[in-house]
1. By a straight-distance test (C-alpha under 23 Å), which lysines pair with C:Lys261 as possible cross-link partners, with residues fewer than eight away in the same chain excluded?
2. Between segment B:153-222 and segment B:1-32, what's the alpha-carbon centroid distance in Å?
3. Of D:Gly298, D:Gly171, D:Gly236, which has the largest mean-square fluctuation in a 10 Å C-alpha GNM of chain D?
4. With a sphere of radius 14 Å drawn around the Cβ of C:Lys261, what net charge do the other residues whose Cβ falls strictly inside it have (Lys, Arg +1; Asp, Glu -1)?
5. Any chance you could check the Cα centroid distance between segment A:105-134 and segment D:71-125 for me, in angstrom?
6. Convex hull volume of the Cα atoms in segment D:2-294, per residue, in Å³?
7. Between segment A:138-207 and segment C:278-344, what is the separation of their alpha carbon centroids in Å?
8. Count charges around A:Thr260 for me, please; just the other residues with Cβ under 15 Å from its Cβ, Lys/Arg as +1, Asp/Glu as -1.
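Readers should treat all values here as calculations from the given coordinates under stated rules, not as data from a laboratory. Just so it is clear, the structure is predicted and the values come from calculations on it, not from any experiment. Every residue, glycine as well, gets a Cβ built from its backbone with ideal geometry; the counts of neighbours run over all protein chains shown.
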Amino acid sequence: MFLIAAAAGPALPDWVVSLTTIAFSNALVVLGLVVLWRAGLVSFGQALYYCIGAYIVALIGRWAGFTDAFALVLLGGVGAGLVAALVGALLARYREIFFAMLSLALSMILYGVLVKTESLGSTDGFSVTTPTFLGFALHGDKLILALYWLTLGIGAVAALAVGTYFRSIAGALAAPIRDNEIRVEFLGVSVTGIIHIKVVIAGVLGGLGGALGALTIGHVDPNMAYWTTSGGFVFVTILAGAGSVAAAFVGSLLFEVIRTIAVDVMPGLWQMVLGSVLLLTILFLPDGLGSLVARLKKRGEARS
Amino acid sequence: MSDILAVRDLEKTFGSLVAARDITVSIPAEQTVGVIGANGAGKTTFINMITGHLTPTKGSILFEDKDITGKPSREITRLGISRSFQVAQIFPTLTVRENMVIAAAIARRSGGMLGAVTTPVHSGAAIAEAEATIELFQIARYADTPASTLPQGVRKLLDIGMAVVGWPRLLLLDEPTSGISIEEKFDLMQVVMSALKTRKITVLFVEHDMEIVGRFADRVLAFYDGTVIADGTPHETLDNPRVQELITGVRLKPTGFADA
Amino acid sequence: MCHARWTTSALVAFAAVAAIPAAAQQPATVKLGIVSFLTGPAASPFGIPGRNGAEIVLEALNAGKAPAPFDKVGFGGAKVEAKYVDEAGSAANVVTEFRNLVQRDQVDAVVGYISSGNCLAVTPVAEELKALTVFYDCGTPRIFEEKARSYVFRVSPHATMDSVGAARYLVAKKKSITSFSGINQNYAWGQDSWRDFVGAMKVLAPNAVAEKVLFPKLFAGEFGAEISTLLTSKSQALHTSFWDGDLESFIFQEQARGLDKRMTIIMTTAETAMWRLRDKMPDGTIIGARGANGPLARDTPINKWFHQIYTDRYNIPPTYPAYQMAQSLLGLKLAYEKAAAGGKPNADAIAAAFKGIEFTGPAGHVKMALGDGHQGITETAYGTYKFNKQTKQPEIVDIIRFPAECVNPPPGIDADKWIAEGMKGAKC
Amino acid sequence: MSRFEVDGSDVLTAFAILTDGLVYAAYLFIVAIGLTLIFGVMKILNVTHGSFYAFGAYGAATAVGIYANADWPAALGFLFMLAFGMAVGLVMGVILERGLLRLVYGRDEVVVVLVTYATFLILEDVIVLIWGPGSYPAYQPLVSAGNTEIGDLVLSNYDIILVALAAGLAGAAYWALKFTRYGRLLTTVIFDRETAAAFGINVTLVYTVTFIIGAMLGALGGAVMAPKISVTLGIGVEVIVLAFAVVAIGGMGSIEGALIGALIVGICRAAAVHLVPQVELFVIYGVMALVLVVRPYGLFVRAQPRKI
């Protein structure tokens, strides 16, 4: 999937490439939400890590003048991961709506802090210095393409890593934790521990997504931590479904396409379009696109 | 040889309520111990304390001469004590095989949390272990059924199987036959007990049906009002007048404590 | 394998989307992207008037009905075709939509943006894509102070002018002011407005103290506590850069508790609200319009013309966003025509022509004096609100005008710095 | 929070903090009660609550427009406004519950939250379709209520009415839950829905009625606030998170929790504005995070340990 997309890159018009790049950087955040969702957890504050990743990239560029895209993105992921490890210790004790609410509160606090920091342009935010790639400074469509490939690369690695994780014991414990925590404990595993890990993984992915987003958008602002941003990510998660890793990417892409077409066709009413899409997905495609993919698979196997 | 489990004057109080008091019991390896007593006599409290679900207010629990008093249940499980539940505790959205495989994988994993992340669930060993246990408990034909749709008896067997798949040395069964029709009870216990024998597991099971107790236990503990009032071979215990008066009295007077 | 199938189909979808507009391309016209809030809280006070302003002006231009020197049909004879896009959404959305306009819809120029955040987000992209862009309402001076820009222009003066003008008017009206307070929304616009205002007051009335400094959350809606603190203060004046929702909420709530009887309130953007509030706007309030716009504009023929066509169409007088849009479009038109000597000019040619251009629009004389000829300055004006009981019409009385050089920093110095250093070189 | 910085000597400030806190708390409570009721009974975190608020406000504004032209006595106008707002809530409640939520009962809690989120997005644009993008002033009731001077401080009588209304609402809710048949029914469902169902309570009916009541309360919130605010796009969004915070602090599904939560937030915010304006932005989420850390389920809800 990624290879095809990567190969197609140069053939596509720039605006499609950058749109896809943004979609796929969001997909990383969504992937994190999928990790949580499998264990029955939903975070309404995932924008916290997205925003941290983005600001890390922007601030390093601004203060240290360090601009290597690859390193910056990794730093974004690590930074967000550390924060996740920290707050995860707290979050891991919560479930259901309370997990969602606490993560929401945390992200809103970050939002408040950033709004208060006038030195960083408050809600106006500030622009991200153009990244370099292993020392090469690129411009125009080359830059867009480079970011596109970087995003695809990191996306692919993340997808593989998460896939392996799903097949590990900790990953496989998602459903059991959702089903019956007590049994898990009596099998000899710490549920809190497993959830903590999930929070950290989701945090790292969120950070990576934010970092890539910041580089692609070229601008960061506190809105990246606002609850509506988190809402958007959860939105895509539902659209994609927790079924497969690929769904997260396809889902984000589809979401961006729908949004941009909606804005194009009915500028005044695009929220309504998005809302309806979400609603219809939940009603008629309960397990999201992932399930659709699975169905296609099944049909394919049936035929052969 | 030394006892596998040694419990000394164990006590558990909830506020003013005394759920268990001065319980002192030693169990040698590979013994099968039945536990009888009316509801609220402290049987489950006793098991919950051994498995770390409850922390004793007083007293000590030694497992293979290690003090495990008040340890979290997951640690105790890793030390080699596992349990089954009055209400089968299984993962309804998974199939029987998946239930068993994950239990096996967890039991076999090493390296704590990191191990959990790095080791795949579907390792050959874990699968083999799971299949073996499924065979052992004779639920192979349900292997691919989602646990949520299993008949009561199979749920119980799966529940116990998941406790056994990790080769525990001590197993505590909390009312293995509760919710099972009279007809099935014996066959179920037959399956369970022979399975446990082949694995040389020391067993402590709570049971209301005296015939089953008499049939399967080498030794019987009688609980009343939070403490042990009789301890001996099935015969000794069941013939004990206090036991008959207070617990098995059911037979003598129809409205006994057991139903109260 | 089906993942592949997914991607390919997705890509096909794109190709389709990409193709549609590309096909609908005619060379004879000039394509403009007009971006402004069509949804959300900023739509009714700024976005819609801005869009209406664009609609009405472009119509007049295409009909060749605008007064000289704007009487050429459309842009240099070519009809102007506008595409209106919603500014609402995250920076990511805004940037994406900007790219779509430039690369998918192939517009010749983008005119728009109200939020300073969005202007800052769009600027680097515009520069990178070499896409001619004219910001019409956003206020932050940072755009042209952080870096020299080549393809980005702003005809409307930046927000510093509003705060400095407000301070000058206040001091002119209340020479003996000893204490003032401020209530501004807790986001960039509010913070910047207050910073500039306080700075200007330090220079103009050194012994007046800023007593209460309040920053309620954006769209808080409920200002009871703020009003109480102000009631218990000794201030003679209150500065606010509130707009629309919060502004009206604040006005209703403070009037119910008679705050405006205790102190004079300066509202730097209240002109957008006065036509709706009418007698609910407290008399004696000092009102700004982010420049000599609307009722503060001079009574020139071109202003009469704009005011006329706008009011006829929307039966409400044009507010400052409409003026800013008109000014921006007219400026762009002149630049375009100046560059259009030989056929259709490209972005570089227009940009070169735009640089440092001077013209007189409905809101008065513009000089692209700052940011190396990319940032306009105009005179500004403040006045005092009065609801005329006879005519039942809002009025703005004792207007004071401040020349451009009096309220804008000279070229080459950042606004903050200029104020901090005592507004040196201000020609009043 | 910044409360311990209150300077005892400054009586006026203390008084102002108290009154402002009460007014804000009243506002929060009226906004939150519907949300917590719906959550308590139906376990739905209802994002659409924001739309109820918005529609209530728009409805009220329309009503005010009507009676302002008909120049009725203020009191009558006020009641007409509330009635109109709640009527809007009623209609929406019926449509949403019967037409939509019914379809997703039994689905994952979070999925239902997203259903309401989607509905909220749609309704935001429906507002534009019905009322257009412009804002609606509805100040008449606020003005006609007049004000009261206390020392340097001037209190708006409308705010006093607001506090009274909130108090009345709290009282009514308490009475209804304690002493009416339906109320006791609700309490059972809140306490333990399985048993309730087992006792043959018609849970579906309870749901419908509850949701409608919740919707009407949400709309009422918008209606009473309409005169104080400029009724414009996006007022719903702000309310949602605010109400969520209050409910989370008090404990989801707990009426008294909503009351206490509202009071805490109200007083804290007022104190912040008067004493340390810088922190105003953080107060609500600060309190929320703090409470959740200490009491994961909020002040008035305990987690029941699972029996094995």
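1. Straight-line reach from C:Lys261, under 23 Å: C:Lys173, C:Lys174, C:Lys175, C:Lys212, C:Lys234, C:Lys280, C:Lys386, C:Lys389, C:Lys392, D:Lys228.
2. Rounded to whole Å, the Cα centres lie 20 Å apart.
3. Greatest mean-square fluctuation among the candidates belongs to D:Gly171.
4. On the way: positive: C:Arg257, C:Arg262; negative: C:Glu254, C:Asp260, C:Asp283, D:Glu149, D:Asp152.
Net charge around C:Lys261: -3.
5. 36
6. Measuring per residue, one finds 143 Å³ for the Cα hull of segment D:2-294.
7. Between the Cα centres of segment A:138-207 and segment C:278-344 lies a distance of 54 Å.
8. Result for the neighbourhood of A:Thr260: -3.
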